Amino acid sequence: MNDILHTLPQVLIDGLALGAIYAVVALGYTMVYGILELINFAHGEIFMTGAFVGTAVLLAAQGTGLAASLPPWLFYLLIMLIAMMFTGALGVGIERVAYRPLRKAPKLISLIAAFGVSFVLQDVVRFIAELRTGNYIVSSSSLYGERMSLPASSISSLFGDATVKTNTLIILGAALLLMVALDRFVNRSKWGVAMRAVAQDRETASLMSINVNKVIVLTFFIGSALGGATGVLFAQQYGTIDPYIGFILGMKAFTAAVLGGIGNIRGAMFGGFVIGILEMFASSNLGTLTGGSFGAEYKDVFAFSILIIVLIFKPEGLFGRAVKEKV
Amino acid sequence: MAILTVASLKKRFGGLVAVNGVDYSFPSGEISAVIGPNGAGKTTFFNLITGIYVPDGGRIELDGKSLVRVKPHVIAKLGIARTFQNIRLFGSMSVLENVMVGMHIHLKSGTPGTILGWGKVRHEEQEARRKAYRLLQYVGLERHFNEEASSLPYGAQRKLEVARALAVQPKVLLLDEPAAGMNPRETAELTALIRRMQRELELTIILIEHDMKLVMQLAEHILVLDHGEKIAEGGPAAIRNNPKVIEAYLGKNAVEEGVMA
Amino acid sequence: MEINSTRERLAGSKSLQAGLLAAFVVVTSGAVYLMDKSVLAFLLLLGSLLLLYYTGFSNGIKWASAGILLLLVIPFAASGGSSHEAYMEVAAQCGIYVAMALGLNIVVGFAGLLDMGFVAFFAVGAYTYGIFATAQANNFIPGSLFPLPGGSFWIFILLGGFMAGIFGILLGLPVLRVKGDYLAIVTLGFGEIIRIIFNNMEKPINITNGAMGLSSIQPPDLFGFKFTFPHQFYFIVIGILAVVIFAVRRLEHSRLGRSWKAVRENEIAAQSMGIPLIRTKLTAFAIGASFSGMMGVVFAAKQTFIDPTSFTLVESTTILVMVVLGGMGSVPGVILGASLVTILNLQVLTELTSALNALSNNGYIGIPTALSPSKMQRLIFGLILILFAIFRPNGLIRARNRKVSLESVAGSGVYPAPAGRAAIRK
């Protein structure tokens, strides 16, 4: 028990950082699902592509010395913007090529196509990474890797001190900024209203002279750009990336989206933080709690169990919207 | 004698009250109709009876047995079959197979018997095919028995839904806009078929229909819904002249002019 | 014009078809027998089964000829050269995957439920045999009863299928209640979870031996005859496969098969016809899983070694690709799809890779190893899934409804019998 309390500050900080990443990726799932009722399996891979694009730009710029001439914060921002543009366009392209022709097809068929897209992306990124660096696992240097100590023990002697990377603060700040911006956009702007209208009822929206295709393209762009930005934050935080990071992470982000009520943007943010903190808690304490029987290697099992439990007891999520099928 | 009774039946979707405190008893062995303007809650009413929606309040009883919170497939077993307003056939299966799905509850073959191919199972299948074909003859679709259901013309699809529902061998048959999209000839055939089913199969038939001519010809009892509430009930003659009904359909002015087909 | 008339003549004459097919089989099997290693000849020989499918013979003749081809011609032709075991290994793997794909086809093709972690059930089957046919089980069952003798293999085929079926139900129970598209992601997760669990279950009690895997699995034993070589396993695989195909064909056109398809086509209508949704879906899950589990047992016995790396997401996707490529819901299609993908995986890609390697070693062309075809599974499978979803959702061989003859249905009697309802209720 004391151990758990002792590590709690560190768990909370790491959990928040991870949760912020889940939350922003979850937004992409929830936005697309809200509009097309399609689980965009490729979203995890879009996140992964963002991580690779960001890292590639970083390594290239460091190679040419361009990086040194810019202040690091501006450079960081630039990398994120490039990755966002790239993944945003990628998302739009995927929608155009693989999803739009299937909009009227049975759900099963669109899901299969979406799954295919995610496999293709994994391999294409692997090719490129392997061609350029000889290895598909890529390490990147961290722009804000320095650590500082958070004296949690001064609050209560039960707590141990925690260390915080500067990048953790950047993740939290960036994630919050992105989420608030998206929330305002969806709730206040003209396009945001159109988006919600299409999510409610595509046919009626098109009768109200809303260009449904444009709204869908916009949704994919924004969702994918958010995913790409998170990829950059992730690469900066954890240092090592490979083409397969999107799979499990995407699944946890999807769990977050389901937990918050799929289609519900604020719910997805909340779900992301809950999953992130629970996962960190599980990974540092499962061993202690089960007397060493089950360790951190079960953290994915833990996240998955949450998905199952939510689906059984509260399939509409914590803040879900009522879905009814027209009979 | 009433076979199906609903009492203070209620269903809400968010803020919208789709069915609000409806009481009605459907007499056994006769044809009743549920009518009302668009959005009056008629289809929701059917969905409540067949267990697809769970009511927020009230009672539904078939022969005195409650149907509230009973699963749809159990309700079928208890003796209620239906057709759908927006046709819900098993599109890629053959016409004959569609009817055979309707016989599900009357067939007994389990998984082991099926895999081992016992003679009993084969015999049952053969009988089921014959019977399904006879049902198709009954609604006049026997020529199409090998075709894919989705390839049938619209009117024939509606008839196939009726044949499939008959295969359930129900006591009560619910028809949701059976004549929608049919041409006058098909509607006339359908009218005859409905009457024949009531007489020959001793069915209680409840239909939702917008075609007033068909309703007035067939229905002995009419329940009128508007905004989820019962606004009138009675025989065709009484309903035709009920000012509330005319108002619901045609607006207030029509009442003074006294028009209704 | 010319081609059309030839085609018509061919379609019309069964003896011509038989002659051509026989000639084809003789030539290809002769080539396989005489040449030391010719992948192409072997593929063409297998292709004769496809030709057989398209001939106009009655089903009985087709099955009999397929039996002769599979049990006599192919094993004999392959035995000619030094590649005997390599050929039979491919053929046995083909059979294993065909059975699994037919299992997944019940879930995806018939019942319309997207299961993306199907390999989990294969793993359950493999570990069921692996744990008890090695000394592993001594770790948690007192005494030293294990490994069980190879004779137990035959019982374990059923047991593996049964265990996989139980897991199918355990996974299905919570998940099948919710909306269909969640199922895809949950099964995807489940596939990974099973792998993680098998990978870590060496503590607190050592059940699976973790990442080390299980080795020296007992070979099957039939009255003292031990099965150790691929050409011997081939016959076991064909035997199980025959049972699986037989069962699938029976199920497809049964009360249960119809309810699966009805649930796939329209859940609400299916329920209103008296079909219990969850139970129907669970049966699909359980039966599909049990096919996979049975083949898992065979796989474990054939490899004599299993570890969690054989049961990854790529494996699950491979099986899904087989079903989508062949044609969801189409039994001949899925058999074709599974054979094609297995051969692509085991033969074409590896052959291409070694050919390219030889070329670049000789300095003709420089192919970076990143692009080696045997690593491109994900790309190839992904593209197949996308392209078939968009352009050919019914797959290579479209599922067809069984046509019944008019004589068989138009028996005597009209509906309803004269006595009215009382009569139709009997």
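All of the numbers you see were taken from the coordinates with simple rules; none came from a lab. Fair warning: this is a prediction, and the values are worked out from it, not measured in the lab. Note that we place each Cβ from the backbone using ideal geometry, even for glycine, and neighbour counts take in every protein chain shown.
For the peptides A:131-139, A:63-71, what is the packing order when you average, over each peptide's residues, the other Cβ atoms within 10 Å and list the highest mean first? Show your work: numbers first, answer last.
Working: A:131-139: 14.6, A:63-71: 10.9.
Packing proxy ranking, top to bottom: A:131-139, A:63-71.
Helix B:154-167 against the longest principal axis of chain B: what's the angle in degrees, Cα atoms only, rounded to the nearest 10?
That helix lies at roughly 70 degrees to the long axis.
How large are Rg and Dmax for the stretch C:1-72 when only the alpha carbon atoms are used, in Å?
In Å, with Rg to one decimal and Dmax whole: 13.5, 41.
Under 5 Å between amide H atoms, partner at least 5 residues away or on a different chain: which partners does residue B:225 have, H built in plane at 1.01 Å?
Sorted by chain and number, the residues that satisfy this are B:35, B:36, B:231.
On a 25 Å Cα-Cα criterion, which of the cross-link pairs B:42/B:71; B:42/B:108; B:10/C:281; B:42/B:244 come out too long? The partial results should precede the final answer.
Values: B:42/B:71 20 Å; B:42/B:108 35 Å; B:10/C:281 31 Å; B:42/B:244 17 Å.
Listed pairs above 25 Å: B:42/B:108; B:10/C:281.
With everything on Cα atoms, drop me the angle between helix A:245-259 and the longest principal axis of chain A, reported from 0 to 90° to the nearest 10.
Between helix and principal axis, roughly 70 degrees.
Let me know the shape class of the protein assembly as shown, please: from the alpha-carbon gyration tensor, a ≥ b ≥ c as square roots of the eigenvalues, rounded when a/c is under 1.5, otherwise prolate if a/b is greater than b/c, or oblate.
Details: a/c = 1.86, a/b = 1.20, b/c = 1.55.
Oblate, because a/c is 1.5 or more while a/b does not exceed b/c.
If the label point is 7 Å along Cα→Cβ of residue C:135, which residues in the stretch C:189-212 have backbone nitrogen under 17 Å from it?
Hits in the stretch C:189-212 for residue C:135 at 17 Å: C:206-210, C:212.
With r defined as the distance between the Cβ atoms of residue C:37 and residue C:314 and R0 fixed at 25 Å, what FRET efficiency is calculated, to the nearest 0.05? Mind showing how you got there, number by number?
On the way: r = 27 Å, r/R0 = 1.08.
Computed FRET efficiency for residue C:37 and residue C:314: 0.40.
Could you list the residues of the stretch B:3-43 with an amide nitrogen less than 14 Å from a label point located 7 Å from the Cα of residue B:202 in the Cα-to-C-beta direction?
So the set is B:28-30.
Please compute the average number of Cβ atoms from other chains found within 10 Å of each residue's Cβ in peptide B:125-132. Walk me through the intermediate numbers first.
Values: counts 3, 4, 1, 3, 5, 7, 5, 3.
Going residue by residue through B:125-132 and averaging, the value is 4.
Net charge near residue B:42, counting Lys/Arg +1 and Asp/Glu -1 over other residues with Cβ under 11 Å of its Cβ? Don't skip to the answer; put the middle values down first.
On the way: positive: none; negative: B:176, B:177, B:209, B:226.
Charge balance in the 11 Å sphere: -4.
Express the relative contact order of chain A as a whole percentage, based on alpha carbon pairs under 8 Å and six or more residues apart in sequence.
On the way: 552 pairs, mean separation 114.0, N = 327.
Dividing the mean separation by the residue count of chain A yields 35 percent.
Just counting partner chain Cβ atoms within 10 Å, what average do the residues of peptide B:86-95 show around their Cβ? Don't skip to the end; give the middle numbers.
Numbers: counts 2, 2, 8, 4, 10, 2, 9, 6, 5, 1.
Mean partner-chain Cβ count within 10 Å for B:86-95: 5.
Any idea what the relative contact order of chain C is, in percent, if you count C-alpha pairs under 8 Å spaced at least 6 apart? Each step should come with its number before you reach the end.
Values: 641 pairs, mean separation 94.4, N = 426.
Averaging sequence separation for qualifying contacts and normalising by length gives 22 percent for chain C.
Using just the helices of chain C, give the 222 nm mean residue ellipticity in deg cm²/dmol: DSSP H runs with n ≥ 4 each add -39,500 (n - 2.57), and the total is spread over all residues, rounded to 500. Display every interim value, and only then the final one.
Values: 19 runs with 272 residues, N = 426.
Helices in chain C give a 222 nm mean residue ellipticity of -20500 deg cm²/dmol.
Please report the net charge: other residues with Cβ closer than 15 Å to the Cβ of residue A:53, K and R +1, D and E -1.
Working: positive: A:126, A:132; negative: A:45, A:242.
Overall, the nearby charge balance is 0.
Could you tell me which of rounded, prolate or oblate describes the stretch B:89-169, using a ≥ b ≥ c as the square roots of the eigenvalues of the alpha-carbon gyration tensor, with rounded for a/c under 1.5 and, failing that, prolate when a/b is larger than b/c and oblate otherwise?
Values: a/c = 2.28, a/b = 2.01, b/c = 1.13.
It comes out prolate by the Cα gyration axes.
For chain B, state what percent of all Cα-Cα pairs lands in each successive 10 Å bin, counting from 0 Å until the bin that includes the largest distance.
Percent of pairs per bin, in order: 7, 28, 34, 21, 8, 2, 0, 0.
Assuming R0 = 35 Å, can you tell me the calculated FRET efficiency for the pair residue C:72 and residue B:127, based on Cβ-Cβ distance, to the nearest 0.05? Numbers along the way, then the final one.
On the way: r = 40 Å, r/R0 = 1.15.
That gives a FRET efficiency of 0.30.
Across the Cα atoms of chain A, what radius of gyration and what greatest pairwise Cα-Cα distance (Dmax) are found, in Å?
For chain A, the Cα-based Rg and Dmax read 20.2, 64 Å.
Give the relative contact order (percent, whole number) for the stretch B:89-169; include only Cα pairs under 8 Å separated by 6+ residues.
Numbers: 91 pairs, mean separation 43.3, N = 81.
The value is 53 percent.
Round to a whole angstrom and tell me the spacing of the C-alpha centers of the stretch A:176-210 and the stretch A:103-134.
28
Can you show me the helix-derived [θ] at 222 nm for chain B, built from DSSP H runs with n ≥ 4 at -39,500 (n - 2.57) apiece and divided by the number of residues, rounded to the nearest 500.
Helices in chain B give a 222 nm mean residue ellipticity of -12000 deg cm²/dmol.
When ranked by the protection proxy of mean other Cβ atoms within 10 Å per residue, highest first, what sequence do the peptides B:207-214, B:62-69, B:218-225, C:68-75 form?
On the way: B:207-214: 19.5, B:62-69: 13.4, B:218-225: 21.8, C:68-75: 17.5.
In decreasing order of mean packing, B:207-214, B:62-69, B:218-225, C:68-75 become B:218-225, B:207-214, C:68-75, B:62-69.
Simple spin-label model, 7 Å along Cα-to-Cβ: residue C:158 to residue C:24 in nm?
About 3.9 nm, to one decimal.
Calculate for chain A the 222 nm mean residue ellipticity that helices alone would give, adding -39,500 (n - 2.57) per DSSP H run of length 4 or more and normalising by residue count, nearest 500 deg cm²/dmol.
Details: 12 runs with 233 residues, N = 327.
Roughly -24500 deg cm²/dmol at 222 nm, from the helical runs in chain A.
Out of all DSSP beta bridges in the protein assembly as shown, what portion is antiparallel? Express it as a percent rounded to 5. Walk me through the numbers on the way to the answer.
Values: 31 of 47 bridges.
That works out to approximately 65 percent antiparallel.
How far is helix A:107-133 tilted, in degrees, relative to the longest principal axis of the Cα atoms in chain A, given as a value from 0 to 90 rounded to the nearest 10?
50
What full-extension length gain, to one decimal in nm, is calculated for residue B:150 and residue B:68 as 0.36 nm per residue of separation minus the Cα-Cα distance?
Details: separation 82, 0.36 × 82 = 29.52 nm, distance 3.33 nm.
Stretched fully, the residue B:150-residue B:68 segment lengthens by 26.2 nm.
For the stretch B:143-209, rounded, prolate or oblate, judged on the Cα gyration tensor with a ≥ b ≥ c (square roots of eigenvalues), a/c < 1.5 rounded, else prolate if a/b > b/c? Write down the numbers at each step before the final one.
Values: a/c = 1.84, a/b = 1.31, b/c = 1.41.
Note, shape of the stretch B:143-209 comes out oblate.
How much length, in nm to one decimal, is gained on full extension between residue C:50 and residue C:253, taken as 0.36 nm per residue of separation minus their Cα-Cα distance? Before the final figure, lay out the partial values.
Working: separation 203, 0.36 × 203 = 73.08 nm, distance 2.27 nm.
Length difference between fully extended and current span is 70.8 nm.
With labels modelled as points extended 7 Å from the Cα through the Cβ direction, what inter-label distance (nm, one decimal) is found for residue A:217 paired with residue C:246?
Result for the modelled spin labels: 5.9 nm.
In sequence order, what are the phi-derived ³J(HN,Hα) couplings for the stretch C:103-117 according to the Karplus relation 6.51 cos²θ - 1.76 cosθ + 1.60 with θ = phi - 60°, rounded to whole Hz, with x for glycine and proline?
These are the phi-based 3J(HN,Hα) values: x, 5, 4, 4, 6, 7, x, 7, 8, x, 9, 7, 9, 10, x Hz.
Given R₀ = 35 Å, FRET efficiency for residue A:209-residue B:189 by Cβ-Cβ distance, to 0.05? Could you put the intermediate results ahead of the total?
On the way: r = 42 Å, r/R0 = 1.20.
Between residue A:209 and residue B:189 the formula returns 0.25.
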